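What follows is a short report on a single structure.
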Amino acid sequence: MKKLSLTSWIFIAMALGIAVGHFFPDVGKQLTPVSNIFIRMIKSIIAPLLFATLVVGIAGSGSAKAMGRIGAKAIIYFEIVTTMALVVGLMFVNLLKPGVGVALQAGAPDPNLPTTHLTFASILEHTFPNSIFDSMAKGEVLQMVVFCFLFGTACTALGARAEPVVKFLQSLAEIMFEYTKYVMYLAPFGVGAAMAATIGNKGINVLGNLGKLVLTLYGALAFFVIVVLGLVIVITRIPARRFWHWVKEPYILAFSTASSEAALPMALENMQRFGVPKHIVAFVLPTGYSFNLDGSTLYLSLASVFVAQAAGVDMPLSQQIMMMLTLMLTSKGVAAVPRASLIVLAGTLATFKLPVEGIAIILGVDTLMDMARTSVNLLGNCLASAVVARWEGYDLSQPPAELEVEPAVH
């Protein structure tokens with residue numbers, strides 16, 4: 001019998017988790033600590049792995065100018081693709097009208113809903129670290145990217161004098177990849193427990209409530225992946241089968257845990273195995289977590305118009321375009337601030353005088369939608385690193401000889 005892959009075990013664990021949560025809800029509720037332990041173990045990887053791989057990648061590029069060029073290309077790509085995500089979200093919500101017929105009644109605001117508005121100034125300020133250790137402790141990815149970029153550039157400028165530090169970080173990166181392999185053995189247990197706890201707490205109906213909204217989002221995301229990202233793959237001549245071979249496991253992990261952080265270590269390693277140079281993937285992937293969240297951006301445009309439809313508010317096309325332009329700016333900070341996705345949505349609703357209470361309806365099925373948008377975020381960022389590599393002239397049809405091995409975990 002062929003040895004089951006990690007992906008297979010995760011799917012089996014998801015099915016078992018749903019069954020346990022439905023038939024034994026009290027047991028499912030008690031499994032929350034198991035999923036939390038797995039997520040905590042994953043989060044323990046992020047800071048040292050990101051610091052080591054990004055600094056080594058920038059120092060290995062040998063040129064701050066080269067990293068500036070890569071950064072400019074990445075930002076241009078991020079802006080084009082996230083704009084397309086906004087357009088697809090608006091197109092689907094206007095076509096299928098999932099909010100029509102939902103009786104949204106204004107009432108007392110939920111105290112748990114966010115009230116703080118994101119501004120460009122607050123996002124910009126939050127980008128720069130007050131302390132790298134504080135940023136690492138809080139998992140502030142964008143702040144770590146800024147610090148590591150400057151630290152790596154300093155290593156490049158010092159040349160041979162910085163070599164001991166670069167060699168140490170190279171060893172640290174290899175150790176953290178091995179550490180990741182051990183933690184990933186826990187993935188099926190963490191995923192199964194997360195599903196059991198979700199179904200146990202919210203009931204099996206969470207899989208069916210507000211089904212039209214969930215199906216609209218899933219349909220829009222599928223269209224975006226197949227048409228928009230598929231067109232990107234064709235234009236940049238990225239080998240689709242090889243790309244999917246290396247991205248499928250981090251994709252499934254992001255979907256099943258609804259956590260981009262959970263999939264980041266594996267995505268960093270697998271994209272290098274795919275053939276993307278270390279200095280590109282180590283810069284583009286973490287930066288994309290703040291500037292290239294395709295799934296979350298699409299969700300924000302769709303959810304905003306959904307609330308308008310549910311409240312019976314007729315939003316003309318001109319107003320929707322204005323809202324899209326607003327989201328083009330505010331969604332760029334969606335991962336830089338805790339609970340920012342809800343903050344951005346609440347701010348958008350308030351700006352266009354839509355009832356913020358609509359978020360309470362969406363929260364009922366937000367778990368299912370979060371799984372989908374998080375996995376598309378991960379997929380989009382993996383593709384972004386491959387696109388930038390192709391723009392830099394790298395051939396991705398064959399992996400580097402030293403990395404032509406199977407994924408680390410099966």
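When peptides 42-50, 175-183 are sorted by average Cβ neighbour count within 10 Å, with the highest value leading, the order is 42-50, 175-183.
Using Cβ contacts closer than 10 Å as the measure, can you line up SER8, SER301 from fewest to most?
SER8, SER301
The simple spin-label model puts a point 7 Å past each Cα toward its Cβ; for VAL227 and ALA137 those points are separated by 4.8 nm.
Histogrammed with a bin width of 5 Å, the alpha carbon distances of the stretch 203-279 distribute as 3, 13, 15, 20, 21, 12, 7, 4, 2, 0 percent, first bin at zero. Listed by Cβ neighbour count within 10 Å, with the fewest neighbours leading, LYS97, LYS167 appear as LYS167, LYS97.
Distance between the pseudo-spin-label points of ALA350 and LYS248 (7 Å out from Cα toward the beta carbon): 4.5 nm. Peptides 151-164, 240-253 ranked from most to least packed give 240-253, 151-164, packing being the mean of other C-beta atoms within 10 angstrom over each peptide's residues. Scoring 380-392, 67-79 by mean Cβ neighbours within 10 Å over their residues and listing the highest first yields 380-392, 67-79. Length gained on full extension, MET91 to SER171: 24.0 nm, using 0.36 nm per residue less the C-alpha separation.
Values in this text are rule-based calculations from the coordinates and carry no lab data. If you're wondering where the values come from, they're calculated on a predicted model, not measured in any experiment. We place every Cβ from the backbone using ideal geometry, glycine too, and count neighbours over all the protein chains shown.
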